Amino acid sequence: MPKEPIILGVESSCDDTSAAIIHGRRILSNEIATQEIHSLYGGVVPELASRAHQQNIIPVVDTAIRKANISKEDIDAVAFTQGPGLLGSLLVGSSFAKAYAMGMGIPLITVNHMQAHILSHFIDEGKAVPKFPFLCLTVSGGHTQIVRVESHSNMQVIGTTIDDAAGEAFDKSAKILQLAYPGGPLIDKYARGGNIHAFKFGKPKVKDLDFSFSGLKTSILYKIQDSVQKNPKFIQEHLGDLCASIQYSIVNILLEKIQKAIYKTGIKEIAIAGGVSANSFLRSELQKLADEKKINLYIPKFEYCTDNAAMIAISGYFKYLEKEFASQNEVPSASLSF
Ligand code: KG4
Ligand code: ZN
(Lines give C-alpha, C1' and ligand atoms only; values in the text may rest on other atoms or scores of the structure.)
(Ligands and ions follow the chains in the order given, each with its own letter.)
Protein backbone atom coordinates (compact mmCIF):
# COMPACT_ATOMS: atom_id res chain seq x y z
CA MET A 1 0.00 0.00 0.00
CA PRO A 2 1.40 3.47 -0.87
CA LYS A 3 2.41 5.64 2.07
CA GLU A 4 -0.19 8.29 2.94
CA PRO A 5 1.16 11.84 2.41
CA ILE A 6 1.81 14.35 5.18
CA ILE A 7 0.60 17.81 4.16
CA LEU A 8 1.03 21.25 5.73
CA GLY A 9 -2.09 23.43 5.31
CA VAL A 10 -1.86 27.22 5.64
CA GLU A 11 -4.91 29.50 6.02
CA SER A 12 -4.75 33.31 6.13
CA SER A 13 -7.81 34.54 4.20
CA CYS A 14 -9.30 36.82 6.83
CA ASP A 15 -8.33 37.41 10.48
CA ASP A 16 -7.22 33.95 11.63
CA THR A 17 -3.69 32.72 10.97
CA SER A 18 -3.78 28.94 10.95
CA ALA A 19 -1.51 26.00 10.14
CA ALA A 20 -2.38 22.31 10.24
CA ILE A 21 -0.64 19.01 9.59
CA ILE A 22 -2.62 16.15 8.10
CA HIS A 23 -1.49 12.54 7.59
CA GLY A 24 -3.78 10.94 5.04
CA ARG A 25 -7.18 12.20 6.23
CA ARG A 26 -6.18 12.32 9.91
CA ILE A 27 -5.38 15.69 11.50
CA LEU A 28 -2.18 15.67 13.58
CA SER A 29 -2.35 19.36 14.58
CA ASN A 30 -4.47 22.44 13.83
CA GLU A 31 -3.09 25.68 15.28
CA ILE A 32 -5.08 28.92 15.08
CA ALA A 33 -3.93 32.42 16.11
CA THR A 34 -7.03 34.60 16.35
CA GLN A 35 -6.50 38.34 15.98
CA GLU A 36 -8.20 40.04 18.93
CA ILE A 37 -7.28 43.53 17.70
CA HIS A 38 -10.30 43.76 15.36
CA SER A 39 -12.82 43.67 18.22
CA LEU A 40 -11.66 47.21 19.11
CA TYR A 41 -12.86 48.42 15.70
CA GLY A 42 -16.14 46.49 15.38
CA GLY A 43 -14.94 44.57 12.32
CA VAL A 44 -11.86 43.27 10.51
CA VAL A 45 -9.41 46.05 9.53
CA PRO A 46 -7.62 44.60 6.45
CA GLU A 47 -4.33 46.45 6.99
CA LEU A 48 -4.08 45.29 10.61
CA ALA A 49 -5.02 41.73 9.60
CA SER A 50 -2.12 41.52 7.10
CA ARG A 51 0.36 42.78 9.67
CA ALA A 52 -0.84 40.33 12.32
CA HIS A 53 -0.61 37.43 9.81
CA GLN A 54 2.97 38.50 9.13
CA GLN A 55 3.77 38.31 12.85
CA ASN A 56 1.88 35.05 13.45
CA ILE A 57 2.65 32.88 10.44
CA ILE A 58 6.08 31.50 11.41
CA PRO A 59 5.23 30.77 15.09
CA VAL A 60 1.90 29.15 14.09
CA VAL A 61 3.50 26.86 11.48
CA ASP A 62 6.34 26.05 13.88
CA THR A 63 3.87 25.09 16.64
CA ALA A 64 1.76 23.01 14.22
CA ILE A 65 4.84 21.00 13.20
CA ARG A 66 5.94 20.49 16.80
CA LYS A 67 2.46 19.48 18.02
CA ALA A 68 2.15 17.00 15.15
CA ASN A 69 5.33 15.40 16.42
CA ILE A 70 6.97 15.37 13.01
CA SER A 71 9.97 17.18 11.55
CA LYS A 72 9.75 19.58 8.61
CA GLU A 73 11.51 17.03 6.38
CA ASP A 74 8.49 14.71 6.81
CA ILE A 75 6.15 17.11 4.98
CA ASP A 76 5.30 15.98 1.42
CA ALA A 77 3.46 19.11 0.17
CA VAL A 78 2.22 22.55 1.22
CA ALA A 79 -1.39 23.61 0.58
CA PHE A 80 -2.48 27.22 0.99
CA THR A 81 -5.65 29.31 0.64
CA GLN A 82 -5.56 31.07 -2.73
CA GLY A 83 -8.88 32.90 -2.15
CA PRO A 84 -11.48 34.22 -1.73
CA GLY A 85 -10.54 36.60 1.08
CA LEU A 86 -8.71 39.82 1.89
CA LEU A 87 -5.89 40.23 -0.61
CA GLY A 88 -3.31 41.52 1.90
CA SER A 89 -4.09 38.60 4.22
CA LEU A 90 -3.95 36.03 1.40
CA LEU A 91 -0.58 37.39 0.26
CA VAL A 92 1.02 36.51 3.60
CA GLY A 93 -0.08 32.85 3.55
CA SER A 94 0.63 32.38 -0.16
CA SER A 95 4.10 33.96 0.00
CA PHE A 96 4.94 31.80 3.00
CA ALA A 97 3.67 28.61 1.34
CA LYS A 98 5.51 29.29 -1.93
CA ALA A 99 8.77 30.02 -0.14
CA TYR A 100 8.36 26.91 2.05
CA ALA A 101 7.64 24.63 -0.91
CA MET A 102 10.55 26.02 -2.89
CA GLY A 103 12.95 25.88 0.06
CA MET A 104 12.06 22.26 0.88
CA GLY A 105 11.74 21.16 -2.77
CA ILE A 106 8.16 19.85 -2.32
CA PRO A 107 4.92 20.40 -4.29
CA LEU A 108 2.70 23.43 -3.78
CA ILE A 109 -1.12 23.13 -3.80
CA THR A 110 -3.71 25.93 -4.16
CA VAL A 111 -7.00 25.65 -2.26
CA ASN A 112 -10.31 27.51 -2.63
CA HIS A 113 -11.39 28.60 0.87
CA MET A 114 -15.13 28.02 0.26
CA GLN A 115 -14.55 24.53 -1.14
CA ALA A 116 -12.30 23.82 1.84
CA HIS A 117 -15.13 24.63 4.28
CA ILE A 118 -17.13 21.90 2.52
CA LEU A 119 -14.26 19.40 2.37
CA SER A 120 -13.73 19.71 6.15
CA HIS A 121 -16.45 17.03 6.32
CA PHE A 122 -13.94 14.50 4.96
CA ILE A 123 -11.44 14.88 7.81
CA ASP A 124 -11.21 11.46 9.44
CA GLU A 125 -13.19 11.69 12.67
CA GLY A 126 -14.22 8.04 12.70
CA LYS A 127 -17.78 8.87 11.61
CA ALA A 128 -19.83 8.79 8.40
CA VAL A 129 -19.01 11.32 5.69
CA PRO A 130 -21.50 12.78 3.16
CA LYS A 131 -22.23 10.65 0.10
CA PHE A 132 -22.06 12.24 -3.37
CA PRO A 133 -24.01 14.07 -4.62
CA PHE A 134 -24.84 16.14 -1.54
CA LEU A 135 -25.97 19.69 -0.85
CA CYS A 136 -23.90 21.94 1.39
CA LEU A 137 -25.19 25.10 3.03
CA THR A 138 -21.98 27.11 3.37
CA VAL A 139 -22.56 30.04 5.68
CA SER A 140 -19.71 32.31 6.71
CA GLY A 141 -18.83 35.95 7.35
CA GLY A 142 -18.32 36.68 3.67
CA HIS A 143 -20.44 34.07 1.86
CA THR A 144 -23.80 32.30 1.93
CA GLN A 145 -24.11 29.54 -0.62
CA ILE A 146 -25.99 26.36 -1.39
CA VAL A 147 -23.53 24.12 -3.20
CA ARG A 148 -24.26 20.93 -5.10
CA VAL A 149 -21.23 18.72 -4.43
CA GLU A 150 -20.66 16.00 -7.05
CA SER A 151 -17.14 15.00 -5.97
CA HIS A 152 -14.16 16.35 -3.99
CA SER A 153 -13.35 18.62 -6.94
CA ASN A 154 -16.65 19.12 -8.79
CA MET A 155 -18.96 21.59 -7.04
CA GLN A 156 -21.58 24.06 -8.32
CA VAL A 157 -23.04 27.01 -6.44
CA ILE A 158 -26.83 26.73 -6.98
CA GLY A 159 -27.83 29.54 -4.60
CA THR A 160 -26.03 32.57 -3.21
CA THR A 161 -26.70 35.84 -1.41
CA ILE A 162 -27.51 38.92 -3.46
CA ASP A 163 -26.26 41.26 -0.70
CA ASP A 164 -24.99 40.47 2.84
CA ALA A 165 -23.80 37.06 4.01
CA ALA A 166 -25.52 35.26 6.91
CA GLY A 167 -22.49 35.84 9.18
CA GLU A 168 -22.59 39.52 8.25
CA ALA A 169 -26.28 39.62 9.21
CA PHE A 170 -25.36 38.21 12.63
CA ASP A 171 -22.39 40.58 13.05
CA LYS A 172 -24.22 43.72 11.87
CA SER A 173 -27.24 42.93 14.07
CA ALA A 174 -24.88 42.43 17.01
CA LYS A 175 -23.31 45.82 16.31
CA ILE A 176 -26.77 47.43 16.42
CA LEU A 177 -27.20 45.73 19.82
CA GLN A 178 -23.84 47.24 20.87
CA LEU A 179 -22.22 43.80 21.17
CA ALA A 180 -18.53 43.20 20.37
CA TYR A 181 -17.19 41.84 17.06
CA PRO A 182 -17.65 39.09 15.93
CA GLY A 183 -21.21 39.22 17.21
CA GLY A 184 -22.51 35.89 15.83
CA PRO A 185 -21.37 33.78 18.79
CA LEU A 186 -22.67 36.44 21.23
CA ILE A 187 -26.15 36.50 19.67
CA ASP A 188 -26.12 32.68 19.90
CA LYS A 189 -25.20 32.90 23.61
CA TYR A 190 -27.68 35.63 24.66
CA ALA A 191 -30.49 34.05 22.61
CA ARG A 192 -30.58 31.06 24.94
CA GLY A 193 -33.66 31.47 27.12
CA GLY A 194 -35.00 34.35 24.96
CA ASN A 195 -38.40 34.29 23.20
CA ILE A 196 -37.99 33.70 19.45
CA HIS A 197 -41.40 35.29 18.75
CA ALA A 198 -40.93 38.42 20.91
CA PHE A 199 -40.11 40.64 17.91
CA LYS A 200 -41.00 40.33 14.22
CA PHE A 201 -38.62 41.58 11.53
CA GLY A 202 -38.96 41.98 7.75
CA LYS A 203 -38.80 38.83 5.63
CA PRO A 204 -36.99 38.96 2.25
CA LYS A 205 -38.60 37.90 -1.02
CA VAL A 206 -35.84 36.55 -3.23
CA LYS A 207 -36.26 34.22 -6.19
CA ASP A 208 -35.14 30.61 -6.45
CA LEU A 209 -32.34 29.52 -4.12
CA ASP A 210 -30.80 32.97 -3.58
CA PHE A 211 -30.66 34.79 -0.26
CA SER A 212 -30.93 38.39 0.94
CA PHE A 213 -30.20 39.71 4.43
CA SER A 214 -29.88 43.47 3.99
CA GLY A 215 -33.63 44.18 4.36
CA LEU A 216 -33.71 42.21 7.60
CA LYS A 217 -30.79 44.26 8.92
CA THR A 218 -32.57 47.53 8.08
CA SER A 219 -35.76 46.31 9.75
CA ILE A 220 -33.79 45.41 12.90
CA LEU A 221 -32.04 48.80 12.87
CA TYR A 222 -35.32 50.78 12.60
CA LYS A 223 -37.06 48.71 15.28
CA ILE A 224 -34.20 49.23 17.74
CA GLN A 225 -33.68 52.93 16.94
CA ASP A 226 -37.41 53.56 17.48
CA SER A 227 -37.57 51.60 20.71
CA VAL A 228 -34.38 53.13 22.17
CA GLN A 229 -35.79 56.60 21.52
CA LYS A 230 -38.79 55.74 23.71
CA ASN A 231 -36.77 53.79 26.30
CA PRO A 232 -32.96 54.25 26.43
CA LYS A 233 -32.62 50.95 28.32
CA PHE A 234 -34.60 48.99 25.71
CA ILE A 235 -31.62 46.89 24.51
CA GLN A 236 -30.42 45.88 27.99
CA GLU A 237 -33.98 45.09 29.15
CA HIS A 238 -34.78 42.90 26.11
CA LEU A 239 -31.38 41.54 25.05
CA GLY A 240 -32.33 37.83 25.31
CA ASP A 241 -35.60 38.26 23.37
CA LEU A 242 -33.94 40.49 20.76
CA CYS A 243 -31.11 37.99 20.15
CA ALA A 244 -33.53 35.04 20.02
CA SER A 245 -35.84 36.84 17.55
CA ILE A 246 -32.96 38.01 15.31
CA GLN A 247 -31.41 34.53 15.31
CA TYR A 248 -34.80 32.97 14.52
CA SER A 249 -35.24 35.35 11.54
CA ILE A 250 -31.78 34.62 10.07
CA VAL A 251 -32.02 30.87 10.59
CA ASN A 252 -35.51 30.78 9.08
CA ILE A 253 -34.24 32.37 5.86
CA LEU A 254 -31.54 29.67 5.66
CA LEU A 255 -33.95 26.82 6.46
CA GLU A 256 -36.51 27.93 3.88
CA LYS A 257 -33.92 27.91 1.08
CA ILE A 258 -32.29 24.62 2.00
CA GLN A 259 -35.75 23.00 2.04
CA LYS A 260 -36.41 24.46 -1.39
CA ALA A 261 -33.05 23.09 -2.62
CA ILE A 262 -33.88 19.61 -1.28
CA TYR A 263 -37.24 19.74 -3.05
CA LYS A 264 -35.75 21.03 -6.33
CA THR A 265 -32.82 18.59 -6.53
CA GLY A 266 -34.31 15.57 -4.76
CA ILE A 267 -31.01 15.24 -2.85
CA LYS A 268 -31.40 14.08 0.74
CA GLU A 269 -27.75 14.22 1.83
CA ILE A 270 -27.26 17.63 3.47
CA ALA A 271 -24.17 19.18 5.04
CA ILE A 272 -23.48 22.56 6.62
CA ALA A 273 -20.16 24.38 6.77
CA GLY A 274 -18.61 27.77 7.58
CA GLY A 275 -18.56 29.93 10.70
CA VAL A 276 -22.35 30.26 11.03
CA SER A 277 -22.69 26.45 11.07
CA ALA A 278 -21.45 26.76 14.67
CA ASN A 279 -24.79 28.40 15.53
CA SER A 280 -26.66 26.22 18.03
CA PHE A 281 -30.16 27.18 16.82
CA LEU A 282 -29.30 26.49 13.16
CA ARG A 283 -27.85 23.12 14.16
CA SER A 284 -30.87 22.07 16.22
CA GLU A 285 -33.46 23.33 13.70
CA LEU A 286 -31.68 21.52 10.86
CA GLN A 287 -31.55 18.36 12.94
CA LYS A 288 -35.33 18.60 13.51
CA LEU A 289 -35.87 19.04 9.77
CA ALA A 290 -33.59 16.09 9.02
CA ASP A 291 -35.44 13.83 11.48
CA GLU A 292 -38.83 14.85 10.09
CA LYS A 293 -37.91 14.48 6.41
CA LYS A 294 -35.59 11.44 6.77
CA ILE A 295 -32.56 13.39 5.56
CA ASN A 296 -28.95 12.50 6.32
CA LEU A 297 -27.49 15.62 7.97
CA TYR A 298 -23.75 16.20 8.44
CA ILE A 299 -22.66 18.84 10.94
CA PRO A 300 -18.95 19.60 11.34
CA LYS A 301 -17.12 19.63 14.66
CA PHE A 302 -17.06 23.16 16.16
CA GLU A 303 -13.33 23.61 15.51
CA TYR A 304 -13.84 22.94 11.78
CA CYS A 305 -16.77 25.39 11.39
CA THR A 306 -14.90 28.68 11.69
CA ASP A 307 -11.73 29.36 9.70
CA ASN A 308 -9.00 26.77 10.22
CA ALA A 309 -6.12 25.21 8.30
CA ALA A 310 -7.28 21.62 8.85
CA MET A 311 -9.81 22.18 6.06
CA ILE A 312 -7.03 23.52 3.81
CA ALA A 313 -4.90 20.46 4.58
CA ILE A 314 -7.69 17.97 3.75
CA SER A 315 -8.38 19.84 0.49
CA GLY A 316 -4.65 19.64 -0.25
CA TYR A 317 -4.76 15.90 0.41
CA PHE A 318 -7.38 15.28 -2.31
CA LYS A 319 -5.43 17.39 -4.82
CA TYR A 320 -2.20 15.59 -3.85
CA LEU A 321 -3.81 12.26 -4.75
CA GLU A 322 -4.67 13.69 -8.19
CA LYS A 323 -1.15 15.21 -8.50
CA GLU A 324 -2.83 18.59 -9.01
CA PHE A 325 0.15 20.75 -8.12
CA ALA A 326 0.53 24.51 -8.56
CA SER A 327 3.39 26.50 -10.03
CA GLN A 328 5.34 29.22 -8.24
CA ASN A 329 3.59 31.72 -10.56
CA GLU A 330 0.22 31.24 -8.81
CA VAL A 331 -1.13 34.37 -7.14
CA PRO A 332 -3.91 34.84 -4.57
CA SER A 333 -7.31 36.08 -5.71
CA ALA A 334 -9.67 38.05 -3.45
CA SER A 335 -12.75 36.91 -5.38
CA LEU A 336 -11.72 33.38 -6.41
CA SER A 337 -14.74 31.37 -7.55
CA PHE A 338 -15.17 27.62 -8.11
O1 KG4 B 1 -16.13 30.89 8.22
P2 KG4 B 1 -15.74 32.00 9.13
O3 KG4 B 1 -14.92 31.69 10.35
O4 KG4 B 1 -14.98 33.13 8.36
C5 KG4 B 1 -15.26 33.50 7.07
O6 KG4 B 1 -14.79 32.79 6.14
O7 KG4 B 1 -16.02 34.49 6.94
O8 KG4 B 1 -17.12 32.71 9.58
C9 KG4 B 1 -17.14 33.78 10.45
C10 KG4 B 1 -18.58 34.16 10.72
C11 KG4 B 1 -18.74 35.46 11.51
O12 KG4 B 1 -19.68 36.28 10.87
C13 KG4 B 1 -19.23 34.98 12.87
O14 KG4 B 1 -20.03 35.92 13.55
C15 KG4 B 1 -20.02 33.76 12.48
O16 KG4 B 1 -19.24 33.13 11.49
N17 KG4 B 1 -20.25 32.84 13.61
C18 KG4 B 1 -21.47 32.61 14.16
C19 KG4 B 1 -21.27 31.71 15.24
N20 KG4 B 1 -19.92 31.43 15.31
C21 KG4 B 1 -19.32 32.13 14.30
N22 KG4 B 1 -22.68 33.09 13.83
C23 KG4 B 1 -23.72 32.66 14.56
N24 KG4 B 1 -23.61 31.82 15.63
C25 KG4 B 1 -22.42 31.32 16.00
N26 KG4 B 1 -22.32 30.49 17.04
ZN1 ZN C 1 -14.33 30.86 6.12
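So here's what we get for this one:
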quantity: Sequence-separation-based contact order of the chain, relative, with Cα cut under 8 Å and 6+ spacing, percent; calculated: 25 percent
quantity: Gained length - S280 relative to K72, 0.36 nm times residue gap less alpha-carbon distance; calculated: 71.1 nm
quantity: Residues V228 and S337, FRET efficiency given R0 of 41 Å [Cβ-Cβ distance, rounded to 0.05]; calculated: 0.50
quantity: Among 22-33, 237-248, the order from most to least packed when residues are scored by Cβ within 10 Å on average; calculated: 237-248, 22-33
quantity: Heavy-atom surface of the chain, accessible at 1.4 Å and reported per residue (Å²); calculated: 45 Å²
quantity: Antiparallel DSSP beta bridges within the chain, as percent of all bridges there, nearest 5; calculated: 60 percent
quantity: Compactness index (Cα Rg / 2.2 N^0.38 Å), the chain; calculated: 1.01
quantity: Protein accessible area in segment 213-267, 1.4 Å probe - carbon and sulfur %; calculated: 51 percent
quantity: Sum of -39500 (n - 2.57) over DSSP H runs of 4+, divided by residues of the chain (222 nm, nearest 500); calculated: -14000 deg cm²/dmol
quantity: Pairwise centroid distance, computed over Cα atoms, of segment 200-258 with segment 261-296, Å; calculated: 22 Å
quantity: About the Cα centre, charge dipole magnitude for the chain (Lys/Arg +1, Asp/Glu -1 at Cβ), debye; calculated: 940 debye
quantity: Percent accessible area from carbon and sulfur atoms, segment 5-161, protein chains only, probe 1.4 Å; calculated: 52 percent
quantity: Segment 274-318 - percent of accessible surface contributed by carbon and sulfur, probe 1.4 Å; calculated: 54 percent
quantity: Charged-residue dipole, Cβ positions (Lys, Arg, Asp, Glu), segment 183-338 about Cα centre, Debye nearest 20; calculated: 540 debye
quantity: Per principal axis, descending, Cα span of segment 1-124 in whole Å; calculated: 52, 30, 23
quantity: Cα→Cβ-extended label distance, 7 Å offset, between K268 and S39, nm; calculated: 4.4 nm
quantity: Segment 1-147, relative contact order [Cα under 8 Å, separation at least 6], %; calculated: 24 percent
quantity: Segment 262-314 - percent relative contact order, Cα under 8 Å, separation 6 or more; calculated: 44 percent
quantity: Per residue Cα convex hull volume in Å³ - calculated over segment 189-322; calculated: 145 Å³
quantity: Using θ = phi - 60° and Karplus 6.51 cos²θ - 1.76 cosθ + 1.60, couplings along segment 294-309 (whole Hz; Gly, Pro as x); calculated: 6, 10, 7, 10, 10, 10, x, 4, 3, 5, 9, 7, 7, 4, 7, 8
quantity: Long-range HN-HN contacts of S29 with modeled amide H, under 5 Å; calculated: I21
quantity: Residue-count net charge about I37 - beta-carbon cut-off 15 Å; Lys, Arg +1, Asp, Glu -1; calculated: -3
quantity: Over segment 161-262, volume per residue of the alpha carbon convex hull, in Å³; calculated: 91 Å³
quantity: Segment 57-173: C-alpha gyration tensor shape, a/c 1.5 cut-off, then a/b vs b/c; calculated: prolate
quantity: Rough spin-label spacing in nm, given labels placed 7 Å along Cα→Cβ, for R192 and N154; calculated: 4.4 nm
quantity: Segment 255-320 - convex hull of the alpha-carbon atoms, volume per residue in Å³; calculated: 98 Å³
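The values are calculated or read from the model by the stated rules, or taken from the named source; none is laboratory data. For clarity, every value in this text was computed on a predicted model and none was experimentally measured. Reconstructed Cβ throughout: ideal geometry from the backbone, glycine too, with neighbour counts over all protein chains shown. Just the protein is used for accessible areas: all its heavy atoms, side chains included, with ligands, DNA and RNA removed. Shrake-Rupley method; radii C 1.70, N 1.55, O 1.52, S 1.80 Å.
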